[in-house]
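Report on the structure given below.
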Amino acid sequence: MKRILPVDELARDSRFKRINIEEVVFDPRNAVRDDRSMRNNFKPTDPEAPDASRQLMHAIFVGEIQALEGAGRTCWDFDTGDGRDEAPFQLKLDMARQCWDESRHVEISVKLTEHMGTEIGEFAEQTLLYQAACNPDPVLRLTGVNRALEGLAIDVFNTMRDFGTLTGDPILEFCEDWMLADEVTHVKMGSDWLRRITANDKERQQQALEFQRTIDKLFSFGGFRGESEENPVHLARRFREMAGFTEDEITELVDVAAEAHAEAIARSEAAATASGA
């Protein structure tokens, strides 16, 4: 079996439609409105809330597939050992356990998409999560996937659980709460292994954290995640603390999200100027 499987060789059937992450980030529908405020479609009173929640649930579904693929690749892509290009046996065991969790999440997400009236393939799939899982450095995989993208999953599941509560949907609320508990474990594994492997190599640790910051910024989607009421997805501080994030790291993540929001505003203003609006 091939190591470091490229993203264009992922197994998908005809239902899946792929989109580049740049098309998501620069989609004007994800940007700010004319009054420069965010579009928060997860308020139950918002007429777009049903479709927004269905779209996010479908994104969770394809994300779980890629998380399963990524964790499985980490078990296979690296020789077992303690070298820089190797993965410790115990780390592979944790990734195998994560595969079990992710496969269960895929099954839950399929049922939730059906429950919410969505068909597989109704929305596009972007593959940045799997691309982050292709990094040839196992430590960068841990920060890019387990800390950045699984960290985003903590925020998303917490938001969707609250949405289920507010809309009186006990099925959505229960399922998101169930998966949220797993995501905290996955992020905690990433935090623990990052610090363990780089305990005597602070330069490598900083490189890994910078890679995480890049992924975090991309997945802020121009202010999609933050701490204000207008951010669709709220940063789940308590669960991130449980997952091994320090207070300084959480503060930095808030700053990254604010930076992404400011850049989205700048793009919106530039587009308005170019169009003569």
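The values are calculated or read from the model by the stated rules, or taken from the named source; none is laboratory data. All of these numbers come straight from a predicted model, not from anything done at the bench. Here the Cβ positions follow ideal geometry from the backbone for every residue, glycine too, while neighbour counts run over all protein chains shown. When the accessible area is computed, the model is the full protein with side chains, heavy atoms only, and any ligands, DNA or RNA have been set aside. Shrake-Rupley method; radii C 1.70, N 1.55, O 1.52, S 1.80 Å.
Based on the alpha-carbon gyration tensor of the chain, what equivalent-ellipsoid semi-axes (square roots of 5 times the eigenvalues) come out, in whole Å, largest first?
Here the semi-axes work out to 30, 22, 19 Å.
Which part of the stretch 83-107 falls in the paramagnetic zone of residue 185, meaning amide N under 18 Å from the point 7 Å along Cα-to-beta-carbon?
Only 90-107 fall inside the zone, counting backbone N under 18 Å.
What list of ³J(HN,Hα) couplings, whole Hz, do you get for the stretch 68-78 from phi and the Karplus terms 6.51, -1.76, 1.60, once you set θ to phi - 60° and write x for glycine and proline?
4, 5, x, 5, x, 5, 4, 5, 9, 5, 10
Give me the tail of P(r) for the stretch 40-159 as a percent: Cα-Cα pairs with distance above 23 Å.
35 percent
May I ask you to work out the translational diffusion coefficient for the stretch 108-223 at 10 °C, viscosity 1.306 mPa s, via Stokes-Einstein with Rh from the Kirkwood sum over Cα pairs, reported in whole µm²/s? All intermediate terms of the calculation are to be shown ahead of the outcome.
Working: Rh = 15.5 Å.
The calculation lands on 102 µm²/s.
Order of 140-152, 204-216, 111-123 by packing, highest average Cβ count within 10 Å first? Could you put the intermediate results ahead of the total?
Values: 140-152: 28.1, 204-216: 18.5, 111-123: 15.5.
Going by the mean number of other Cβ atoms within 10 Å, highest first, we get 140-152, 204-216, 111-123.
Assigning unit charges at the beta carbon (Lys, Arg +1; Asp, Glu -1) and nothing else, what dipole magnitude in debye, to the nearest 20, does the chain show about its Cα centre?
Values: 33 positive and 53 negative charges, 79 e Å.
In debye, rounded to 20, the chain gives about 380.
How high is the relative contact order of the chain, given as a whole-number percent (alpha carbon pairs under 8 Å, six or more residues apart)? Intermediate values should be presented prior to the final figure.
Details: 364 pairs, mean separation 60.9, N = 277.
It comes to 22 percent, rounded to a whole number.
With a probe of 1.4 Å, find how much accessible area the chain has per residue, and write the answer as a whole number in Å².
48 Å²
Along the positive direction of the dipole of the stretch 174-217 (beta-carbon charges: Lys, Arg +1; Asp, Glu -1; about the Cα centre), which of 189, 205, 178 reaches farthest?
Result: 205, furthest along the dipole toward the positive end.
Report the calculated FRET efficiency for residue 137 and residue 259 (r = Cβ-Cβ distance, R0 = 22 Å), to the nearest 0.05. Don't skip to the end; give the middle numbers.
Values: r = 25 Å, r/R0 = 1.13.
Result of the calculation: an efficiency of 0.30.
Taking the radius of gyration and the Kirkwood hydrodynamic radius from Cα positions alone, what is the Rg/Rh ratio for the stretch 206-258, to two decimal places?
On the way: Rg = 10.9 Å, Rh = 11.4 Å.
Rounded to two decimals, Rg/Rh equals 0.96.
Give me the net charge of residue 130's neighbourhood, meaning all other residues with Cβ under 9 Å from the Cβ of residue 130; Lys, Arg count +1, Asp, Glu -1. Write down the numbers at each step before the final one.
On the way: positive: 73; negative: 69.
Charge balance near residue 130 sits at 0.
Starting from the Kirkwood radius over alpha-carbon pairs of the stretch 158-277, derive D by Stokes-Einstein at 10 °C in a medium of 1.306 mPa s and give it in µm² s⁻¹. Present the calculation step by step, with values, prior to reporting the outcome.
On the way: Rh = 16.3 Å.
So the translational diffusion coefficient is about 97 µm²/s.
Pairs of alpha-carbon atoms within less than 8 angstrom and 6+ residues apart define the contacts here; what relative contact order does the stretch 134-277 have, in percent? Provide the component values of the computation, followed by the final result.
On the way: 166 pairs, mean separation 39.6, N = 144.
Once divided by the residue count of the stretch 134-277, the mean separation gives 27 percent.
Determine the dipole magnitude for the stretch 64-110: charges of +1 sit on the beta-carbon of Lys and Arg, -1 on that of Asp and Glu, nothing else is charged, the reference point is the Cα centre, and the result goes in debye to the nearest 20. Each step should come with its number before you reach the end.
Numbers: 5 positive and 11 negative charges, 19 e Å.
Taking the Cα centre of the stretch 64-110 as origin, the dipole is about 100 debye.
Treat every Asp and Glu Cβ in the stretch 121-262 as -1 and every Lys and Arg Cβ as +1, leave all other atoms uncharged, and give the resulting dipole magnitude about the Cα centre to the nearest 20 debye.
Numbers: 14 positive and 27 negative charges, 115 e Å.
Computed about the Cα centre, the dipole is about 560 debye.
Give me the one-decimal nm value for the distance between modelled label points at residue 238 and residue 96, 7 Å along each residue's Cα-to-Cβ direction.
If labels sit at residue 238 and residue 96, their model points lie 3.5 nm apart.
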